[in-house]
Structure formats: structure tokens, C-alpha cells
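Visitor: The structure that follows is given in the form of C-alpha cells.
Nothing in this text is a laboratory measurement; each read-out follows from the coordinates by a stated rule. The shown structure was predicted, so the numbers you read here are calculated from the model rather than taken from an experiment. Ideal geometry is used to build each Cβ from the backbone, glycine not excepted, and the neighbour counts take in all protein chains shown.
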């Protein structure tokens, strides 16, 4: 776990450490098993093609999990995830290397909570944005 | 993907499916009560989330978790306590192997994404009640898929103490 992150240490426009995974049937099937998400186009290339894709595609929920991992790794156990959202704009195909990224766009103190707002997303190896979104985290403050 | 031109018959099929779903705005689509959250399912979830790296100790090591501000194991925020649920659909013989959901224009489905807002953490033993309702259905064609509509659902989870755990607003695209 990284050193404790305080709200005061965070700067607007700062980029947070990425979370990177190369994905395929091993990652998708393991996640499908945990989430009981046994949808054939996530598990089988023929079913993927029948659904109109180039082959099997990864589930959005796994990219959502990766975004959570990135944010949780950054804020540590003293930080709190308040909101995470993204829209699935591009497909996750087999062997894609996904890089979750986040950039701080705002900081505010609201109802006694020290909040940080970030733009987030999941880029593939071609730089294509597959899941743009936004997150809000609460961090400990040095002043409290 | 190269999007083929669609026929008038396909457009009619799409519009029929779109109108049928649009008529459901406001409808409560599901109300479920989970089984008590099991520690092993939390551990499995944490492994699948981060594989091949090991999962965080907070999600499986009680001794470690006790010393954190959470005072014990919690589930990762995105944990789903409704996997392997038993409900009427399952008892009626649904295999949960949904395949390509439906066939034909406006019946094929993908996850469009959404936003989760988190409140109380989920802990082992929690019983989560989930209520979903359809809040919006609108058409927005896409370059990749052609005629497309979006269905937005709002799902609220509360625990056995009546505390809100999560509110998720998101949905599916149908094409």
C-alpha cells in the first residue's frame, strides 16, 4: 500500500498512477465466474461473431473493476471511493492491453468531506478510449 | 466494424422493440433480497478483480482487516452479492446462460455503462435488498451498431440495517 495520501497533496491536472492489464479469455472467464456473467459472447469467439463483433469481447464490468482498482490503489485504505462512472464506447477484444488512467479535474470541501474529482478512462493499446468516465473520492485532510 | 445498411423490415422491427421498452419507463423491473454475503465470495470477487496480481488483504485477511479503519473484512466496492442468486427465474429453469440476449434489431444488448455512488460498505453476513426501476429509454443511433436505443435503470441497494449501500444509474444499449 502506498504512503497515506492527503487531500492537500493532490493537485489539479495531476495524473494518477495507471492500472494496466492485457486481457483475454482467462481474465474474462475468471470474472464471469465471480459475477455469474456467463454470456456466450464473452466466452466464445463464434458467439462473439454471431453478436456482430470481431470475436469474443470482454465484459464492461471487468473494465469497471480495473478502474476501481486504479482509484483504490491511489487513495489507499484511508481514502473512500464515493462515485465511479464510465460509458462503454469501445470494445475490449482478446489480447488488448488496457490502461486505466485518471486526471484530477477538481477539489472541493463539501459537508466536511475533502473531495477530489477525476476524469478517468480505459485506453487500449492503440490509444483508443474505450470507457471514458468520472470519479469522486474523499481523502483524509492534514487539517482534520 | 462495417455497418451494413438495414432494410425497412429491420427498421420496423427495431422501432417496435424500442416502443415496447419506452412504454416501460417508471416500471420497477426487479426487487431482490440477497443471501447473506459470504466471505469466500468476497475473496473470489477480489481475486477476479485483480488477477493475476494477488487481491488486497482487506478483502480476505480478517486479522489484517481488523486493524484497518473498517474494523474487519469488507467487500470491494463493486462487489455483486446477487451472483448465483436463487430467484423465480432460476427456479423456472433459467440457466443464466443468456447467450446473445435476444436476436433481431433492437433485441441485441450490450452494457452501456453508468455511475455507481457508494455509501455503507458491504460486510460479510450483510443481506442486501436491491430495487431497480427503468428511468429513461431513448434512441441514439451509433456508427458501429446502426439503429440503437439506450435504457437507463436506477438500482438502489440497502443493507439489513436500512443503510443505503449503493445507487447505480446505468444501463444497456439495444441494437
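Visitor: State yes or no: is residue A:50 within 11 Å of chain B (Cβ to nearest Cβ) and surrounded by fewer than 17 Cβ atoms within 10 Å (Cβ to Cβ)? Talk me through it step by step, then tell me what you get.
Guide: Details: within 11 Å of chain B (Cβ to nearest Cβ): yes; surrounded by fewer than 17 Cβ atoms within 10 Å (Cβ to Cβ): yes.
So residue A:50 fits the description; yes.
Visitor: Also, quick follow-up: Condition test on residue B:53, is it part of a strand (DSSP E or B) and either touching a residue at least 24 places away in the same chain (Cβ under 8 Å) or more than 8 Å from chain A (Cβ to nearest Cβ) (or both)?
Guide: On the way: part of a strand (DSSP E or B): no; either touching a residue at least 24 places away in the same chain (Cβ under 8 Å) or more than 8 Å from chain A (Cβ to nearest Cβ) (or both): yes.
For residue B:53, the condition - part of a strand (DSSP E or B) and either touching a residue at least 24 places away in the same chain (Cβ under 8 Å) or more than 8 Å from chain A (Cβ to nearest Cβ) (or both) - is not met.
Visitor: Residue A:81 - would you say it is over 17 Å from residue A:128 (Cα atoms) and without any contact (Cβ under 8 Å) to a residue 40 or more places away in the chain? Please lay out each step first, then the result.
Guide: Details: over 17 Å from residue A:128 (Cα atoms): yes; without any contact (Cβ under 8 Å) to a residue 40 or more places away in the chain: no.
The answer is no for residue A:81.
Visitor: Additional query: Return the only residue of A:123, A:142, A:107, A:83 being farther than 17 Å from residue B:118 by Cβ and within 14 Å of the chain's Cα centre (by Cα). Lay out the reasoning, then the answer.
Guide: On the way: A:142 fails: within 14 Å of the chain's Cα centre (by Cα); A:107 fails: within 14 Å of the chain's Cα centre (by Cα); A:83 fails: farther than 17 Å from residue B:118 by Cβ.
Of the residues listed, the single one that is farther than 17 Å from residue B:118 by Cβ and within 14 Å of the chain's Cα centre (by Cα) is A:123.
Visitor: Just the residues that are at the interface with chain B (Cβ under 7 Å from one of its Cβ atoms) and either touching a strand residue (DSSP E or B) at 6+ places or on another chain (Cβ under 9 Å) or surrounded by fewer than 21 Cβ atoms within 10 Å (Cβ to Cβ) (or both), please, taken from segment A:36-47. Show your work before the answer.
Guide: Applying the first criterion (at the interface with chain B (Cβ under 7 Å from one of its Cβ atoms)) to segment A:36-47 yields A:36, A:38-41, A:47.
If the condition is that a residue be at the interface with chain B (Cβ under 7 Å from one of its Cβ atoms) and either touching a strand residue (DSSP E or B) at 6+ places or on another chain (Cβ under 9 Å) or surrounded by fewer than 21 Cβ atoms within 10 Å (Cβ to Cβ) (or both), then A:36, A:38, A:40, A:41, A:47 are the ones that fit.
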